[in-house]
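Take a look at the structure set out below.
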Amino acid sequence: ANRVIAIDLRGHGHSDKPATGYSMGQIQNDLEAALDILGVNEKFILLGHSFGGAVATEFAATNPTRVSHLILIASAGEYQLNPFYRFLLNLPSQFLRILTPFTRNWLGAPPPVLKDWYANILSVWNGWSLFRDLRMPTLIIRGHLDRIYKKPLFEEMSRAIPDAEEANVGAS
């Protein structure tokens, strides 16, 4: 039997949504604390979806002896938003708060939180150099509906990670 743990990152799902604290360092601290509290002491398979792939990559690169396998779904080496989403996240926070009730069912986090995530983490994160150092077996899963970020940023990942396996589950 396998144990599966799904963690809502800071600001997402049922986790707290503080006004500040959205940095990769803080997210890594949150992940480490969750693993400690849940008693995850042995090697484990780490999966990250979308920007969770960046979080998983950072953790795997920093803790290679803890991660047996890495799975990255709809993740990229950097997160350059398409112009429409970038425009939306540049709107004033008070306007984004008004949109929150209308986006609750399809966004993983409220728009003001996503604005902070983008400004403090997504727009500055670059994983290309981290990918070269990953040595655990890595599976990259991508599809054709990944339209939030630029397509080449998804396609380059399997070439950037040594011996990565890629599964394209959609039409190109």
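The table below gives the values:
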read-out: Subset of the stretch 9-55 [β-branched (Val, Ile, Thr) and in a helix (DSSP H, G or I)]; value: 27, 37, 55
read-out: Elements of type helices (runs of 4 or more DSSP H) contained in the stretch 90-172, each with 2 or more residues being of a type outside the set (Gly, Ala, Ser), under 14 Å from residue 74 (Cα atoms) and at pLDDT below 85; value: 151-155
read-out: Members of the stretch 1-60 that are basic (Lys, Arg) and under 21 Å from residue 116 (Cβ atoms); value: 10, 17
read-out: Count of the stretch 6-64 residues which are hydroxyl-bearing (Ser, Thr, Tyr), more than 17 Å from residue 130 (Cα to Cα) and open to solvent by less than 40 Å² (accessible area, probe 1.4 Å); value: 2
read-out: Pair list, Cβ under 7 Å, 6 or more apart: the stretch 38-51 residue at pLDDT below 95, other residue part of a loop (DSSP other than H, G, I, E, B) and aliphatic (A, V, I, L, M); value: 49/74; 50/74
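Every residue, every condition in (1) open to solvent by 20 Å² or more (accessible area, probe 1.4 Å); (2) closer than 20 Å to residue 27 by Cα, yes or no:
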position	(1), (2)
74	no, yes
80	yes, yes
92	yes, no
98	yes, no
116	yes, yes
160	yes, no
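The values are calculated or read from the model by the stated rules, or taken from the named source; none is laboratory data. The structure presented is a predicted model; accordingly, all values stated were derived computationally and were not measured. Neighbour counts run over all protein chains shown; Cβ positions are idealised from the backbone, glycine included. Just so you know, the surface numbers come from the protein's heavy atoms only, side chains and all, with ligands and any DNA or RNA stripped out. Shrake-Rupley method; radii C 1.70, N 1.55, O 1.52, S 1.80 Å.
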